[in-house]
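First the structure, in the form of structure tokens, and then the observations on it.
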Amino acid sequence: MKPRILGALVMTCLVLLLPAGVLAEREEPLSPQALKIANDLNCPVCEGQSVRDSNSQLARDMRRTVQERLDEGYTEEEVYDYFVDRYGVGILREPPKSGFFMTLWWAPVIGIAIGALVLGTFIAQRKKPVQATTEPSAGSASDEHDPDDDLSEYEQKILRDLDDDDSLRNGRQ
Amino acid sequence: MAELGSGVLIVALLLSLYGFAVALVGAHRNIPELVESSIRATWGVAALVVIASGALLYAFITHDFSLDYVAGRSSTDMPMGYVLSAFWGGQEGSLLYWATVSTVLAAIAITMHRKRDRALIPYVVMTSFAINIFFLVMLTMITSPFTVRANVPAEGMGLNPLLRDPGMMIHPPLLLGGFAAFAVPFSFAIAALVTGRLGEDWIRAIRHWALIAWGVLGLGLLIGAWWAYHVLGWGGYWGWDPVENVALLPWLTATAFIHSVIVQERRGMLKIWNMSLIVASFILAIFATFVVRSGVLSSVHSFATSEIGPWFLGFLAIITIGSVGLLIYRIPGLQSDRQLESVVSREGGFLFNNLLFTAMAFATFWGTVFPIVSELFRDTKLMVGPPFYDQVNGPILLALIILMGIGPLLAWRQSSTSLLFKNLLWPGLAGVIATIVSIVMLEHILASVAVGATIFAVGTIVLEYVRGSRARRRSTGEMYPVAITMLFRKNSRRYGGYLVHLAVAIMALGVIGSHFFQTERQFVMEPGETGEIGAYQVTFQGLENRQTADANVIAAVVDVARNGEHRGTVEAYRFFYRNFEDQPTAEMGVMTIGIDDVYVVLDRWEESGTVGLRVFINPMVSWIWIGGGVFVVGMLTLFWPNPKPSRSRAAGPARKAVLREA
């Protein structure tokens, strides 16, 4: 038991010591604009968190820098540039849409375009002349439909779907 | 326990090798006895791996610190729940857990299907043994959870503080379990490819297994989001962190699969595509296991760094090359039975669904690996964060929600446009009205469009239930409540599926609300001071220093009021765990008032009692958890056994044929 009590004591001291002085200079709460900028910057020492969200000392300093720069009359752009100059383009949470980084932004667009193209080819290939079927639900029916017909058609479809699924299942058992 | 654990794992490895060989010979020489023997070997392997897991659990319960894994992850002062969850708190235990789930599920699946899918089974057995062999080699030779320490410490290190949370007791097992469960459909897919039996058999066999893997993984992701929201303290639940992304990838491809498989069942189309999706889901599940456990893509989860990377990469390469090769070889046998007749059809809807889901998977994958690409080719370190995913995946999600509203109203083969427009009338009207009302109320165009799209999708679901039950009432004369129940009982797949759609819509509203309308303020406060954020007032009452068995806790007590009316008290915590004093963790004070979450983060504090607080108002986040509940109910409905229809069974195939041709 003894070491544990001692351990607890040491820990309490540690805990009380750790944060002491952190608030020595009372940090002014950030303006909404500063918060936005801080949220657009990566905290360089902690993986995956923004400067706004990080608890590290560096992020805290960066937040203060952001606020100071804004107070000094820098524009948002200038604040971003300041950080890019110091830390490289990786500091931006949103990679720029220029140069090499265009590959990041365009690859998904090209991907979806290729996907759509493949799909289009598939549809074009498969879409051979269809013999006129007389199935009611498949009907590319005329526009003048009795509304009641539509509803009952729909009901028929549902009932048939249900039956169909029943029998499909039956077939499997 | 160490001897028992490592002993049974070695025996399990040997038995797996035996089972693989016997299945191979049995299948080739057509000796049923050997195949039967290999089936029994799967039971043996499952039992042995379960014993190994039991041994590790026992070591945790008895605080056997002679085991390196136990000493490094637990301690006597931790609550028993966390001691047990330390089982999957590290790489070795996670892999053992993975192996346990996959061997047990494989044994169950193989036993269930051994009669009906006799031709496939030997190859299913072989594939699952091949997977087992890889994991058992890892567990016995590379990264054994049963490594013994030379000198036994009196006390263990304790668990990584981030994992000491109820969310972490269930999130990792569900996620890893979901990954491991993809092994079953993958084994059947490979068996179908090897044997060339590419008909309906394997699809029918794996549908439920794919659904299990998909559902468990989905639930795991949701609980992960819940954990992040309560513990990580940036006010959000999904950070597009690399590890989150790779866990999402197999879920996306599996979601595409559970939709497109319906097309194959009904119309005999998309066979190559479905096969590819299942293979891709398994490969991505392995990739996810590998990424989480190797730290290749550094992220907040990178505490699980290790040396197993190359092994996993090799395994990944083998299964990728192997299955893609098999797939290409079998393409001639995977031609569609029927042809697409019209784009405006249910099939067409599913095709667009698949395009969108795979596009999202691709974009997410690309964003996740791009930092590596950039580092390799440009020597530029960068992080692809939420802005990228918001801009790329956001529109895709919006399109998916709109499609969710249209898809169910499309008829198979070909929809008559006039009927389609007629069906779209009411949901569409609801969507338009919702958009207009939202624009007026929220003054945010994008969010309003998203709300409108979601309401449109909800409208379609409601319409489907109303019409389904009306049709039943007309034909059977049942009361509406009975009719709705019967809809679920008769066709749980369809109406359970709509329930999942409804869950997605509820979650979508939650995401829209919290994404577009989150507000945040930071306060530096003395005890007794009050800060104002929106309609809410937060009063800092004071700091409390508490001591639990394994941690020192700092709690900030905060009163929450809305428009001056006191609504309750929340506490935001910081935990300093023994041995991890330099990694304080947190728990946020969250109070749900109406649709808003008041979310209080304790940032900093002084001896004098002054604190730095960050307060968020997160609208609608609670809807995400409600949606999660509906998701679970919908999923269970999907598994609800359908009663046998009263019609004679003999009519089944004939009816089916008639209806198919009709």
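The values are calculated or read from the model by the stated rules, or taken from the named source; none is laboratory data. Owing to the predicted nature of the structure, the values given are computational and were not obtained by experimental measurement. Cβ: placed from backbone, ideal geometry, glycine included. Neighbour counts: every protein chain shown.
Before moving on, here are some points about what is shown:
- Residue in the range B:553-564 that is within 14 Å of chain A (Cβ to nearest Cβ), out of contact with any Gly (no Cβ under 7 Å at 6 or more places or on another chain) and not β-branched (Val, Ile, Thr) present: yes
- In the range A:48-75, the residue that is farthest from the other protein chains (Cβ to nearest Cβ) out of those that are of a type in the set (S, T, N, Q) and over 15 Å from A:Leu92 (Cβ atoms) is A:Thr75.
- Test for B:Tyr480: is it more than 13 Å from chain A (Cβ to nearest Cβ) and more than 28 Å from B:Tyr599 (Cα to Cα): yes
- For the residues B:Gly167, B:Gly233, B:Gly220, the requirement of being at pLDDT 85 or above, of a type outside the set (A, V, I, L, M, F, W, C) and either in a helix (DSSP H, G or I) or over 20 Å from the mean Cα position of the chain (by Cα) (or both) singles out B:Gly220.
- Taken over the range B:162-216, the criterion of being crowded, with 24+ Cβ neighbours inside 10 Å and either β-branched (Val, Ile, Thr) or out of contact with any helix residue (DSSP H, G or I) (no Cβ under 7 Å at 6 or more places or on another chain) (or both) is satisfied by B:Val184, B:Ile190, B:Ile206.
- Residue within the range B:321-336 that is at negative phi, within 9 Å of chain A (Cβ to nearest Cβ) and either touching a residue at least 24 places away in the same chain (Cβ under 8 Å) or touching a helix residue (DSSP H, G or I) at 6+ places or on another chain (Cβ under 8 Å) (or both) present: yes
- Residue count for the range B:353-388, restricted to those that are without any contact (Cβ under 8 Å) to a residue 24 or more places away in the chain and more than 7 Å from chain A (Cβ to nearest Cβ): 6
- Filter result (of a type in the set (Phe, Trp, Tyr), within 18 Å of B:Thr592 (Cβ to Cβ) and in a strand (DSSP E or B)) within the range B:506-552: B:Tyr536
- Residue pairs meeting the criteria (Cβ under 6 Å; at least 6 apart or on separate chains; first more than 13 Å from A:Thr65 (Cβ to Cβ), in the range A:80-106; second of a type outside the set (Val, Ile, Thr) and assigned to a helix (DSSP H, G or I)): A:Arg93/B:Pro387; A:Glu94/B:Pro387; A:Pro95/A:Phe101; A:Pro95/A:Leu104; A:Lys97/A:Trp105; A:Phe100/B:Arg378; A:Leu104/B:Phe370
- Applying the criterion of being in a helix (DSSP H, G or I) and within 13 Å of another protein chain (Cβ to nearest Cβ) to the residues of the range B:236-251, the residue that is farthest from the chain's Cα centre (by Cα) is B:Pro242.
- Yes/no for A:Arg52 being under 30 Å from B:Asp390 (Cα atoms), at pLDDT below 85 and buried (at least 16 other Cβ atoms within 10 Å of the Cβ): yes
- Residue check for B:His515: within 14 Å of chain A (Cβ to nearest Cβ) and at pLDDT 90 or above: yes
- Applying a threshold of 8 Å to beta carbon distances and a minimum spacing of six or more residues, or different chains, the list of pairs starting in the range B:465-478 at a residue that is outside any helix (DSSP H, G or I) and ending at one that is surrounded by 14 or more Cβ atoms within 10 Å (Cβ to Cβ) and not acidic (Asp, Glu) reads B:Glu478/B:Arg472; B:Glu478/B:Met486.
- For B:Leu355, the requirement of being surrounded by 16 or more Cβ atoms within 10 Å (Cβ to Cβ) and either assigned to a loop (DSSP other than H, G, I, E, B) or in contact with a strand residue (DSSP E or B) (Cβ under 6 Å, 6 or more places away or on another chain) (or both) is not met.
- Residue within the range B:633-653 that is among the polar types (S, T, N, Q), out of contact with any Ser or Thr (no Cβ under 9 Å at 6 or more places or on another chain), modelled with pLDDT under 90 and farther than 21 Å from B:Arg164 by Cβ present: yes
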